[in-house]
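S.K.: I have a structure here, written as structure tokens, and I will follow up with some questions on it.
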Amino acid sequence: MSPSQQTETQSASTNADKLCVGESIDLGNAWESLRDEARRMVAAEPALQQLVDNVILSRATLAAGLGAHLARRMAREDMPRDAMEQLFTEVLAKYPHIVERVMRDMHAMFERDAACFSLLEPLLFFKGFLALTSYRISHQLWHDGRRWLALYMQSIASESFAVDIHPAARIGCGIFLDHATSFVVGETAIIEDDVSILHEVTLGGTGKMAGERHPIIRSGVLLGAGAKILGRVEIGTGAKVGAGSVVLNDVPPHTTVAGVPAVIVGASSEANPAIEMNQKLNCGRTA
């Protein structure tokens, strides 16, 4: 385990945050399954041959495929595609736990998005998935002491995917970031495992206060489109935040809040709203 991984593990243990808890993934088998599916995809749609060859079929590992695809989307004049691909691939190959987290995100998007019929969709086309993956690389760079480079990657990802995640934020696994446009995460925010987030969600601070000033989102939470959670508030396990709500206070576990400012409107009807993706508010339900 690298020093940066030890720091994250110790911090997570101290704060009892559930960040990337779960069994490891056989990345070799997962990649071969994706490659088999990619071959079937090309057979059905030859027009996508070049894209699929470049990102999947010509790559020996998922790390190499992710590095190639992100570089295709994020390359700039001041960091050409070849240089960016080399950087991304080296980081992902050095830290395979990042690739495992990426796979868990991919599965979350496939399992929770009714419009997604293949694991290849997030990998090739979902900017929410690609934004999360670029964040995971920037986060590692940040903890490796390469903070200027991490911030540079954050800036490019924001331009490329319309998503702005500070590289110091701590995000668990199995995150479903749907549509993703205008998603913003501040420096000290924490998002635990198995959270579902729709577009235009902000996890922001309140003014110029220093220190831990951004929200904590516990596991199983569903954040509706346009929700704004501001300050060091905690959204409890299995809670649900209605679309367009502004949350300024803690939300108890397994409750539903909505409004501006948000108030409790009932209990979550599901044990794990993030998995069920049911955005009904269940107003008045208390049990």
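Read-outs: derived from the displayed coordinates by stated rules, not from any lab. Note that this is a predicted model, so its numbers are computed, not measured. Because the Cβ atoms are built from the backbone with ideal geometry, glycine has one as well, and the counts that use them run over all protein chains shown.
S.K.: Extent of the range 63-125 along each principal axis, from alpha carbon coordinates, in Å, largest to smallest?
M.R.: Rounded to whole Å, the extents work out to 39, 24, 13 Å.
S.K.: Could you let me know the centre-to-centre spacing of the range 78-143 and the range 157-173, using Cα atoms, in angstrom?
M.R.: Cα centroid to Cα centroid, the span is 11 Å.
S.K.: Take every DSSP beta bridge whose two residues both sit in the chain, then give the antiparallel share in percent to the nearest 5.
M.R.: On the way: 5 of 30 bridges.
Of the beta bridges lying entirely in the chain, close to 15 percent run antiparallel.
S.K.: Can you list, largest first and rounded to whole Å, the semi-axes you get for the range 226-271 by taking the square root of 5 times each eigenvalue of its Cα gyration tensor? Write down the numbers at each step before the final one.
M.R.: Values: eigenvalues 48, 27, 13 Å².
Semi-axis lengths for the range 226-271 are 15, 12, 8 Å.
S.K.: Which Rg and Dmax, in Å, describe the Cα atoms of the range 14-163?
M.R.: Cα-based Rg and Dmax for the range 14-163 come out at 15.3, 52 Å.
S.K.: Still on this structure, I have one more. Expressed in nm to one decimal, what extension gain is obtained for the pair Asp82 and Ala43 from 0.36 nm per residue of sequence separation less their Cα-Cα distance?
M.R.: 11.2 nm
S.K.: Loop only per DSSP, at most 15 neighbouring Cβ atoms within 10 Å: give me the chymotrypsin sites (Phe, Trp or Tyr not before Pro) in the range 90-138, ordered by residue number.
M.R.: Phe117
S.K.: Once amide H atoms are built 1.01 Å from N in the peptide plane, which residues 5 or more positions from Ser268, or in another chain, come under 5 Å H to H?
M.R.: For Ser268, whose amide H was placed from the backbone, the distant partners under 5 Å are Thr255, Thr256.
S.K.: Let me ask you something else. How big is the dipole moment of the range 182-287 about its Cα centre under a simple scheme where the beta carbon of each Lys and Arg is +1, that of each Asp and Glu is -1, and everything else is neutral? Debye, nearest 20, please.
M.R.: On the way: 8 positive and 10 negative charges, 72 e Å.
Roughly 340 debye for the range 182-287.
S.K.: Output the Cα-based Rg and Dmax of the range 182-287 in Å, rounding Rg to one decimal and Dmax to a whole number.
M.R.: Answer for the range 182-287, Rg first and Dmax second: 12.4, 39 Å.
S.K.: Given the chain, what whole percent of its Cα pairs are spread farther than 30 Å?
M.R.: Value for the chain: 29 percent of Cα pairs lie more than 30 Å apart.
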